[in-house]
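One structure is given below, encoded as structure tokens.
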């Protein structure tokens, strides 16, 4: 099969379209003929040698894809060849074929194209896990999401608004802030100019938000805590801005705040299966009806994965970057 490969970590130029062995499904696994896959910041880190795949996972880039089931392994009863599926992957998405545990598959709604479906699993399940399951966001609550123009940010805005919550998003330009509001954000703050903690308090009548979803890390820590209401939760899913910062433990005690670190990629397949099932139960109908849909910024051929990485590195996109296979 064709796949995006690289021999040594490096910049975008190391990515090349080459030949890789065809994967075969083991017990409980499914082989997918990939139609499209999506790009995530984790892919850029892995390409640079900073985020290795978990043990046993493919070393090919790619954490989500969509395509047709081509083969099922022993013990798989819920899927058959020809089924349209979108999959959460531990790796292997930048390829013509991928093998994944059957529990990490979700059916592709008729309302979604292959390119849209490929943009669903990683970001929507990440948001569902961290904002709803760990963060406990409920109707009438409020969430502050950083990187409102990213795949995570656009997914968070859609899911939170559908759930009846208030959304405060940050973005790096006035244009992106305007687009955040267009897709449902109640407030969008240009982080280069505005104070997102003050905006979060103002949008909630001085109380603060229930959940902060943050991929920046150290530089935002103090202001993230300021943004939270009593009993609020900061869920940290990335360290784009740095890993070390001081924290006022007194604020955690007196305001009963929680700081939660979370990753999805290395979780056991059983946890991923339960997560996908719970997401389908909560938001599957909304996806089917088109009430929520991934925001796709652009679609590039698989061979242009390096260009896709350059666009993401420069934050030139709004929503998801997808590779057509």
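Below is a table of values for the structure above.
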| quantity | calculated |
| --- | --- |
| Residue match in the range 26-33 (condition: in a strand (DSSP E or B), modelled with pLDDT of 95 or more, surrounded by 19 or more Cβ atoms within 10 Å (Cβ to Cβ) and out of contact with any helix residue (DSSP H, G or I) (no Cβ under 7 Å at 6 or more places or on another chain)) | yes |
| Selection count, the range 154-176, where residues are closer than 13 Å to residue 283 by Cβ and part of a helix (DSSP H, G or I) | 7 |
| Test: residue in the range 148-171 that is more than 21 Å from residue 237 (Cβ to Cβ) and in contact with a strand residue (DSSP E or B) (Cβ under 9 Å, 6 or more places away or on another chain) | no |
| Pick from the range 180-193, criterion in a loop (DSSP other than H, G, I, E, B) and out of contact with any strand residue (DSSP E or B) (no Cβ under 8 Å at 6 or more places or on another chain), ranking: farthest from residue 227 (Cα to Cα) | 183 |
| Hey, residue 149 at pLDDT 95 or above, in the same structural domain as residue 295 (by TED's automatic domain parsing) and closer than 19 Å to residue 312 by Cβ or not | no |
| Number of the condition not met by residue 206 [criteria: (1) without any contact (Cβ under 8 Å) to a residue 24 or more places away in the chain; (2) surrounded by 24 or more Cβ atoms within 10 Å (Cβ to Cβ); (3) part of a loop (DSSP other than H, G, I, E, B)] | (2) |
| Only one of 180, 156 that is under 23 Å from residue 277 (Cβ atoms) and surrounded by 23 or more Cβ atoms within 10 Å (Cβ to Cβ) | 156 |
| Matching residues in the range 266-325 - criterion: being more than 21 Å from residue 35 (Cα to Cα), in contact with a strand residue (DSSP E or B) (Cβ under 6 Å, 6 or more places away or on another chain) and in a loop (DSSP other than H, G, I, E, B) | 317, 318 |
| Matching residues, the range 1-24, being assigned to a loop (DSSP other than H, G, I, E, B) and in contact with a helix residue (DSSP H, G or I) (Cβ under 9 Å, 6 or more places away or on another chain) | 6, 7, 8, 9, 10, 11, 15 |
| Filter result for residue 70 (out of contact with any helix residue (DSSP H, G or I) (no Cβ under 7 Å at 6 or more places or on another chain), more than 30 Å from residue 10 (Cβ to Cβ) and surrounded by fewer than 16 Cβ atoms within 10 Å (Cβ to Cβ)) | no |
| Matching residues, the range 83-104, being touching a helix residue (DSSP H, G or I) at 6+ places or on another chain (Cβ under 8 Å) and within 22 Å of residue 291 (Cβ to Cβ) | 84, 86, 88 |
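Yes/no per residue for (1) more than 28 Å from residue 40 (Cα to Cα); (2) modelled with pLDDT under 95:
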residue: 216; (1), (2): no, no
residue: 219; (1), (2): no, no
residue: 223; (1), (2): no, no
residue: 226; (1), (2): yes, no
residue: 232; (1), (2): no, no
residue: 239; (1), (2): no, yes
residue: 245; (1), (2): no, yes
residue: 254; (1), (2): yes, no
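The values are calculated or read from the model by the stated rules, or taken from the named source; none is laboratory data. Treat the numbers as computed from the prediction; the structure is a model and nothing was measured. Methodologically, a virtual Cβ is constructed for each residue, glycine included, from the backbone with ideal geometry; neighbour enumeration extends over all protein chains shown.
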